[in-house]
1. For region 112-287, report the % of Cα-Cα distances exceeding 22 Å.
2. Along region 143-156, what does the Karplus equation 6.51 cos²θ - 1.76 cosθ + 1.60 (θ = phi - 60°) give for ³J(HN,Hα), rounded to whole Hz, x for Gly and Pro?
3. Rounded if a/c is under 1.5, else prolate if a/b is larger than b/c, else oblate: which is region 353-411, with a ≥ b ≥ c the root eigenvalues of its Cα gyration tensor?
4. In debye, nearest 20: dipole of the chain around its Cα centre with unit charges on the Cβ of K, R (+) and D, E (-)?
5. Mind listing the long-range amide H neighbours of PHE206? Cut-off is under 5 Å, sequence gap 5 or more, other chains count too, H placed in the peptide plane at 1.01 Å from N.
6. Of all beta bridges DSSP finds with both residues in the chain, what is the antiparallel percent, to the nearest 5?
7. Among TRP207, TRP382, what is the fewest-to-most ranking by other Cβ atoms within 10 Å?
8. Which whole number of Å³ per residue matches the convex hull of the alpha-carbon atoms in region 50-135?
Amino acid sequence: MNKSIPVHAPMVQFATRDGQLLLGGFTLNEIADMLGKRVFYAYDQQVVKAQIEKVHAAIPAQIKLHYAIKANPYPALIHTMRNWVEGFDVASQKEMLLALQSGMPAQDISFAGPSKQENELRAAIVAGVTLHVESEREMARALQYGKEIGRKPIIAFRVNPAFELKASGMKMGGGPKQFGIDEEHLLQMLPELNYDDFQFRGFHIFWGSQNLKQDAIIDAHNNTFALAQKLVSATPATTSTINIGGGFGIPYFPGERRLDLAPIGENLTRLLSQYPELAKLELIIELGRYLVAEAGVYACQITDIKESRGQTYLITNGGLHHHLSNSGNFGQVIRKNYPVAIGNKMNDRLQVKQVMAVGPLCTPLDTLADKVHLRDPQEGDWLVVFQSGAYGPTASPQDFLGHPHVSEILL
Ligand SMILES: Cc1ncc(COP(=O)(O)O)c(C=O)c1O
């Protein structure tokens, strides 16, 4: 039997004109001229907006959508997204200041992370940002700083649930974890706390990331609501907010398909009627990459073409120092190709050639694409890596070997 070769999900989020890929209506050459740079990340804000609208349309209207800034903290993007999402999740003081300066109200900003330092806890308390407290010790420190500052910290507990996200994806809950407080321990803590010392907000139940299986997400939501109900019932104070996590993935690799949000949304609607007490609270979904990854490309130029023992190498001015995750060194076990194309030759009548695309670094890890089929690649052409709007420049070792940092633009 013929086994079909897995292919990438179609990259249809951007328009083309005369074979040229367009972001925000501009060709790659035009973007390069605007930036004065021949290697860059470009983000199309209309694609971000459409993705946010897709989530809003799929989930019940009362569930708020927060953006996890870590996925892409490019300031122009944050300032733009501030008008489209209901809140931001931050993971450092720098991200917190960015979120506040975008005009997002402090009450719609939450601060998570397993090792918040004194400066970060103090900053959040002063600003009125909700701390997602991840340990008893962190709780004690937040209370102490709150007393010193003369302001009650606003606290939600990050829970390490007993359940695990099923199927592939990055698990961030279940079993022993550095994130959050184990559910069974928190259930013991809750009745004992002195709720006069802080402003109690609720719970953050975060179980994973980059999941492409609707059924696994539905299962996690079912478990999340059941756990939230247990936690609310065990708390003598009034709970106002439950953050039910995120986890929606996007297709990076051959064989992966886009998530179908409809059954996830339908299940959330069902859960709201199954848990009327929770349905009255402020409920939040927290997504990073799902909102921004598909809207971004990494574009670099072919600067040389070299044959080596029957293999064609496209040498480019871009590489893993700009885009670590595309090189396969950011959480992948086996390297697979992101979707790539020649961005100035999107016309499918051109001859296809199998090539390796590599960067300028003296390491075989600096691979942009491994044995991919590209249309008539020539020196000066644009190699484009799709699905690059999340975990790009800020998740890459930009100083490695001292090459220039990469530019970014929002169009
Ligand atoms: C607490 C928290 N929120 C949100 C995210 C964002 O995940 P993603 O970009 O996959 O949506 C992460 C990822 O590590 C996280 O730890």
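1. Working: 7036 of 15400 pairs.
Considering region 112-287, 46 percent of its Cα-Cα pairs are separated by more than 22 Å.
2. Along region 143-156, the couplings run 5, 4, 5, x, 4, 4, 7, x, 9, 6, x, 9, 10, 10 Hz.
3. Working: a/c = 1.88, a/b = 1.33, b/c = 1.42.
Oblate, because a/c is 1.5 or more while a/b does not exceed b/c.
4. Numbers: 38 positive and 41 negative charges, 109 e Å.
For this selection, approximately 520 debye.
5. Here VAL159 satisfy the definition.
6. Details: 28 of 66 bridges.
Roughly 40 percent of the DSSP beta bridges within the chain come out antiparallel.
7. On the way: TRP207 32, TRP382 25.
Fewest to most other Cβ atoms nearby, the residues stand as TRP382, TRP207.
8. Values: hull volume 8.6 nm³, N = 86.
Cα convex hull per residue, to the nearest whole number: 100 Å³.
The numbers here are math on the coordinates, done by the rules we state, and not lab data. Because the structure is predicted, anything quoted here is derived from the model rather than measured. Because the Cβ atoms are built from the backbone with ideal geometry, glycine has one as well, and the counts that use them run over all protein chains shown.
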